[in-house]
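Data first, discussion second: the structure below is written as structure tokens.
The values are calculated or read from the model by the stated rules, or taken from the named source; none is laboratory data. This is a predicted model, so every value here is computed, not measured. As a convention, Cβ positions derive from the backbone with ideal geometry for all residues, glycine included, and neighbour counts pool all protein chains shown. To get the accessible areas, we keep the full protein, side chains included, count just its heavy atoms, and leave off ligands, DNA and RNA. Shrake-Rupley method; radii C 1.70, N 1.55, O 1.52, S 1.80 Å.
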Amino acid sequence: MRYVLVTGGVVSGLGKGVTASSIGVLLQAAGLRVTAIKIDPYINTDAGTMSPFEHGEVFVLDDGGEVDLDLGNYERFLDVRLTKDNNLTTGKIYQTVIEHERKGDYLGKTVQVVPHITDAIQDWIERVAHIPVDGRDAIPDVCVIELGGTVGDIESMPFIEALRQFQFRVGPQNMCVIHVSLVPVLGVVGEQKTKPTQHSVQALRSSGLAPNLLACRSTEPLEDSVKQKLGLFCHVSPEHILTMHDVSNIWHVPLILKDQGAAKVILNHFGYGQRDIPLEPWEVRANKWDTLKRRVKIGMVGKYTGLTDSYISVIKSLEHASIAASHRLEVIWIEASGLEEDTKTKDPAKYNESWANMKLCDGILVPGGFGDRGVEGKIMAAKYCRENGIPYLGICLGMQVVVIEYARNVLGMSEANSAEFDPATPQPVVVFMPEGSTTHLGGTMRLGSRRTVLQTTDCVSAKLYQVEQYIDERHRHRYEVNPEMVDKFEEAGLQFVGKDESGTRMEIVELKGHKYFVATQYHPEFKSRPGKPSPLFLGLILASTGQLDTHMQNKIDPPDSPNRKGSSGSFSKAAGSPSGSPLKP
């Protein structure tokens with residue numbers, strides 16, 4: 001087993017996750033099997049209870065793990081399926097060590113950070129690195145480890161020390177350290193400054209880890225003189241200093257790393273020798289995105305619009321679908337509260353701007369969320385799309401607001417609401433799930449991959465997924481459509497075309513006769529991949545660009561094909577796939 005450690009310095013948010021994912025892509029292209037681990041030094045056990053405003057999106061895995069958004073990058077870039085143990089936090093490590101101490105596993109010894117915490121970190125990494133994540137049984141060849149935060153952070157110190165020791169446990173020849181740092185350009189001086197990176201590398205080396213490569217973030221490619229200076233003061237060969245300059249789209253990152261010989265350095269360090277690194281699909285995707293002319297405008301009606309990382313998987317899924325449909329994506333951010341009647345009185349300018357933006361959109365997406373802020377605005381968005389024939393995709397809460405809106409404005413239930421927002425509502429069309437916890441929030445939702453059984457093949461969802469029986473997608477919710485109200489909704493034209501295996505939990509709702517009005521309780525964005533877009537996101541983009549009817553007429557799989565029985569969330573030979581796609585550029 002070989003290990004690539006990616007650390008960061010100077011400031012956070014430099015793109016360590018994308019760098020780690022891109023290194024994984026290069027190693028995969030070289031024929032190696034790759035897994036990934038993200039270390040987050042915070043004390044939280046997982047990301048499940050953290051605000052999207054503070055930490056960005058909570059990514060959900062098949063096993064129900066609520067993890068850092070960087071694991072979403074790993075899954076999308078490497079097309080693997082990780083587990084909750086691939087996200088290691090301080091909380092998990094201390095919890096594990098304390099449990100062992102309570103059992104008496106340390107034989108009466110004083111339990112300390114060194115060696116007990118550091119040993120637990122090393123044991124965790126080594127155990128998880130050997131878990132297959134690509135659907136095959138053999139263990140991976142390489143594990144890419146990303147250490148969150150920046151070198152020098154107090155909370156990172158036990159992990160730095162553990163990784164220092166780990167290089168001797170596995171052998172220095174089996175561990176390659178890549179340090180991501182910042183080379184800023186001061187506006188007044190106009191030159192690339194190396195001092196921040198020098199200090200960052202000095203801090204890393206003083207902790208006992210010496211970088212094999214430097215990945216330097218900058219707005220423009222590094223000048224040769226800057227590389228020479230960094231090499232001299234950071235004790236790294238100039239040939240091992242990589243320029244991670246700004247690019248037009250994220251799919252260029254593996255390409256610029258390949259062009260600078262990153263794969264060659266890593267493979268030689270591990271003793272693999274020289275190998276071909278074919279990246280044609282990445283080249284095609286990156287170049288196609290840069291040359292797309294036709295635009296599709298999708299309105300994102302949410303409550304966390306101030307931080308786009310809150311919806312990063314949704315944005316990436318829209319990008320995957322847009323490039324498959326040969327359109328450049330333009331996301332129009334709409335703060336849900338700006339659509340509400342209260343805003344019309346309190347802030348008319350914001351209200352008018354929000355509705356003007358709504359009317360610019362070719363399609364609308366209402367993503368998931370928690371809490372009552374902005375909910376009435378999301379209900380208004382669903383109503384606007386239903387009444388005006390605008391393509392609509394609702395996810396999780398985006399499905400629940402569809403049900404509330406339909407109950408109020410079609411069924412005449414003026415007080416219809418969710419028990420989440422109004423526990424005393426006399427017309428609860430969305431209710432708390434009976435198995436949920438009312439005392440603990442962390443890890444108590446309905447989480448992970450669950451099966452949705454299609455109730456009919458004569459629906460948009462079945463045709464987009466190219467299946468007839470079931471769909472497996474990931475969930476994250478504690479409220480559901482009131483099963484006692486389902487018959488009333490269906491009699492009024494709202495169709496629940498997907499249900500759980502018990503038949504009592506609603507999973508997919510569609511409005512018959514509408515151009516595209518689909519909402520799901522599950523989160524299809526978590527399984528979308530470059531080249532294999534989520535079917536429902538593809539449907540939204542196709543409907544928004546007038547291509548859906550043509551797409552639906554294509555018969556990709558014969559009726560008796562195994563692909564038509566069920567789907568794991570994205571399809572291997574369907575519209576948007578690099579091979580076999582009926583869509584033309």
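Observations on the model:
- Gap separating the Cα centres of the range 442-457 and the range 189-254, nearest whole Å: 45 Å
- Principal axis dimensions, largest first and in whole angstrom, of the range 148-224 by Cα: 46, 27, 18
- About the Cα centre, charge dipole magnitude for the range 132-235 (Lys/Arg +1, Asp/Glu -1 at Cβ), debye: 360 debye
- FRET efficiency, 1/(1 + (r/R0)^6) with R0 30 Å, evaluated for residue 549 and residue 353 via beta carbons: 0.35
- In the full protein context, the range 302-357 carries 38 Å² of accessible surface per residue, based on a 1.4 Å probe and ignoring ligands, DNA and RNA.
- Zero-based 5 Å bins, Cα pair distances in the range 310-464, whole percents: 2, 7, 14, 18, 20, 18, 12, 7, 2, 0
- Positive dipole terminus of the chain, leading residue within 481, 35, 402 (C-beta point charges): 35
- Apportionment of accessible area to carbon and sulfur, the range 175-320, percent (1.4 Å): 51 percent
- Qualifying aspartates and glutamates (Cα of each under 20 Å from Cα of residue 346; at least 8 residues distant if same chain): 335, 372, 376
- Beta bridges by DSSP in the chain, antiparallel share as percent, to the nearest 5: 35 percent
- For residue 32, net neighbour charge (Lys/Arg +1, Asp/Glu -1) across residues whose Cβ lies under 15 Å away: +2
- Amide H contacts of residue 42 (H built 1.01 Å from N, in plane; Pro and chain starts excluded): 90 sit under 5 Å, all sequence-distant by 5 or more or on other chains.
- Relative contact order %, the chain, counting alpha carbon pairs below 8 Å whose residues are six or more apart: 14 percent
- Cα-based Rg of the chain normalised by 2.2 N^0.38 Å, two decimals: 1.01
- Among the listed pairs 16/92; 195/258; 16/258, those with a Cα-Cα distance over 25 Å are 195/258.
- Net charge of neighbours whose Cβ lies under 13 Å from the Cβ of residue 15, counting Lys and Arg as +1 and Asp and Glu as -1: -2
- Positive dipole terminus of the range 443-548, leading residue within 498, 533, 544 (C-beta point charges): 533
- For a label point 7 Å along the Cα-to-beta-carbon line of residue 415, residues of the range 317-349 with backbone N under 18 Å: none
- Protection proxy ranking, peptides 292-299, 379-386, 169-176, average beta carbon neighbours within 10 Å, highest first: 379-386, 292-299, 169-176
- Linear extension gain, residue 342 paired with residue 199, 0.36 nm per residue minus alpha-carbon span: 46.3 nm
- Cross-link table 488/512; 38/103; 288/359; 288/532; 359/515; 193/264, entries beyond 19 Å C-alpha to C-alpha: 38/103; 288/359; 193/264
- Assuming charge only on the beta carbon of Lys and Arg (+1) and of Asp and Glu (-1), the dipole of the chain about its Cα centre is about 1240 debye to the nearest 20.
- Cα-based shape type of the range 26-130, given that a ≥ b ≥ c are square roots of the gyration tensor eigenvalues and the cut on a/c is 1.5: oblate
- Theoretical FRET efficiency, 1/(1+(r/R0)^6), r = Cβ-Cβ of residue 225 and residue 153, R0 30 Å, to 0.05: 0.45
- Rg/Rh for the range 491-557, where both radii come from Cα atoms and Rh is the Kirkwood radius: 0.99
- The slack in the chain from residue 308 to residue 453, taken as 0.36 nm per residue of separation less the alpha-carbon distance, amounts to 48.9 nm.
- Shown here: the range 263-392, whose C-alpha atoms stretch 68, 31, 23 Å along the first, second and third principal axes, sorted largest to smallest.
- Size of electric dipole in the range 1-60: Cβ of Lys, Arg +1 and of Asp, Glu -1, about Cα centre, debye, nearest 20: 360 debye
- Eligible aspartates and glutamates near residue 229 by straight Cα distance, threshold 19 Å, same-chain separation 8 or greater: 191, 220, 239
- Only helices enter the 222 nm calculation for the chain: every DSSP H run of n ≥ 4 contributes -39,500 (n - 2.57), and dividing by all residues gives -10000 deg cm²/dmol, rounded to 500.
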